[in-house]
Each structure stands twice: as C-alpha cells, then as structure tokens.
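S.K.: Okay, handing you the structure first.
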Amino acid sequence: MTHIPPAPAPGPWVEEWLSPARHAVYLDAAGGDPARALALYEWNTALACAVLRDLSHFEIALRNAYARALDATWTGEGHWLDDPASPLRAPLIRVRKGGRGRARRRVDINDKTRGAIDGARRRYGRAAPPGKVIAELSLGVWRYLSTSAHEKTLWVPHLHRAFPPATHRATVDRHIGGLHELRNRAAHWEPLLTVPVGARMRDLLEVTGLLGPDLAAYIEHTSQVAPTLARRP
C-alpha cells in the first residue's frame, strides 16, 4: 500500500501559492482562520468544477440549437458561418456612448464574431465541416447573439426557432448573460463566495428547459452544485 504523507498545515506556502490578494479573500471570509480559509478555497474549487460541468451541458445545447435554427432558416448562397451577408458576419454598426470627455463612437458588434469564426477556420482549414467550426466557438460568441442589437437580424428571422413560441428574447438574454458571467468566474477559479450560484443554476435550468425539457431534467438530476453548496465550510 502506498504511504501518503499527511497534508502540511496551512502556512506561508498558501499565500505564496494563491497570492496575497487571493488568499486574503478567503482569510477574511474565514474570520482569519488559516485552516478554514484553505478549506474554503478547496470548496470554492469544487463548486467551480460542479458549475462548469452543468454549464458545459448548457453551452453545447445552446450552440447546437442555434445552429439548427440557422440551418433551417438561412437562405444565403454560402453557409451562415462564412457568407458575407450572414447575420453573424455582415457589419452591424451601433453607436456607443464614450466615457467621460470622450465622443460617441461607431462600433461593428459583429467584429468579434467574425474574428472567432475566422480564427477557427485558420486552425482547421477552409475545408473543415461547419460542425468543427461551431464546436470551436466559445460561449462568449453564442451569448451575444440574443442581445437587443441582434433582435431584427438574428432573433426574429432565425434564433427564436430554437425556443418554444412566445419565448421572450430579453428573458433568454438576461439568463444567458448571467450564466456567461458565472462561467467566466468559474473558469478562472475566481471566488464564488458571494455569487448567487443557486439562483444562476435555476436560470440555467429554466433556459435549458426551453431548449429541451429532458436535458434540463437530466442536468437537475445529476448536478453536484446543490450538494456542494450545502458542504460549504
């Protein structure tokens, strides 16, 4: 039997590992108790893993539902990933307010989406099947396709078909936006100590239920988020 030595007691090595600023967040939450601070950090890591697992299922469902909706409705000459007239690629100019003392500026809000698609094409080649490119695009791409700026170009003609009739775009967008923020925090191992994770998971189940009730039931049945939340040190 392999002998596993006992874990070292919390000490300066923890702060060196996490950085003083990150360690301070957990130390403050633990009331200055170094052992509890380390336990909180481990719990936060476990929670992030549980959250990312559920979010991965949601992300795959969302991108595939959007792809099916676009496949069914896009009538351009080329594929909607590549056709210059595609609502994911055609310039979509909006005027954004500048900061203090700065003028308003015109922004093409499709610029990042085009860049993400083109980046995937460069990695896999022009002959790569659409599914390969779609799988390469991050949640950050799909998340912004439901914003108000895309209502006339994407939601009304295409993406509303991914959801049941009478689904409100603004509700979907609000939920997806919150889930995208949660995904970024969890993926970068940021503290979730004050994040309403339970509420965000309810949002996930709601919007996933619109995409597919069986998938929502499966996620709810297999999720480890609630048990992990209950084990907070």
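S.K.: Is one or more of the residues making up segment 114-125 touching a residue at least 60 places away in the same chain (Cβ under 8 Å) and not basic (Lys, Arg)?
M.R.: No, every residue in segment 114-125 fails to be touching a residue at least 60 places away in the same chain (Cβ under 8 Å) and not basic (Lys, Arg).
S.K.: A further question follows. With the requirement that a residue be loosely packed, with under 14 Cβ neighbours inside 10 Å and either among the acidic types (Asp, Glu) or in contact with a strand residue (DSSP E or B) (Cβ under 7 Å, 6 or more places away or on another chain) (or both), what does segment 73-92 give you?
M.R.: GLU77, PRO91
S.K.: Which of the residues that make up segment 46-72 are of a type in the set (Val, Ile, Thr) and surrounded by 14 or more Cβ atoms within 10 Å (Cβ to Cβ)?
M.R.: The one that is of a type in the set (Val, Ile, Thr) and surrounded by 14 or more Cβ atoms within 10 Å (Cβ to Cβ): VAL51.
S.K.: Moving on to the next point. Can you name the residue in segment 168-184 that is surrounded by fewer than 19 Cβ atoms within 10 Å (Cβ to Cβ), within 9 Å of the chain's Cα centre (by Cα) and not small (Gly, Ala, Ser) and, of all such residues, is farthest from ALA29 (Cα to Cα)?
M.R.: Filtering segment 168-184 for residues that are surrounded by fewer than 19 Cβ atoms within 10 Å (Cβ to Cβ), within 9 Å of the chain's Cα centre (by Cα) and not small (Gly, Ala, Ser), the one farthest from ALA29 (Cα to Cα) comes out as HIS180.
S.K.: Can you give me the ranges of the helices (runs of 4 or more DSSP H) entirely in segment 1-101 with at least 3 residues that are touching a residue at least 60 places away in the same chain (Cβ under 8 Å), under 20 Å from THR194 (Cβ atoms) and over 22 Å from the mean Cα position of the chain (by Cα)?
M.R.: Helices (runs of 4 or more DSSP H) meeting the threshold: 20-29, 34-73.
S.K.: Identify, please: which residue in segment 126-167 is in contact (Cβ under 8 Å) with a residue 12 or more places away in the chain and not in a helix (DSSP H, G or I) and is, among those, nearest to the chain's Cα centre (by Cα)?
M.R.: SER138
A short reminder: the numbers here are calculations on the coordinates, not readings from a lab. Since the structure is predicted, the reported quantities are computational estimates derived from the model, not experimental observations. Please note: Cβ atoms are built from the backbone with ideal geometry, for glycine as well, and neighbour counts cover all protein chains shown.
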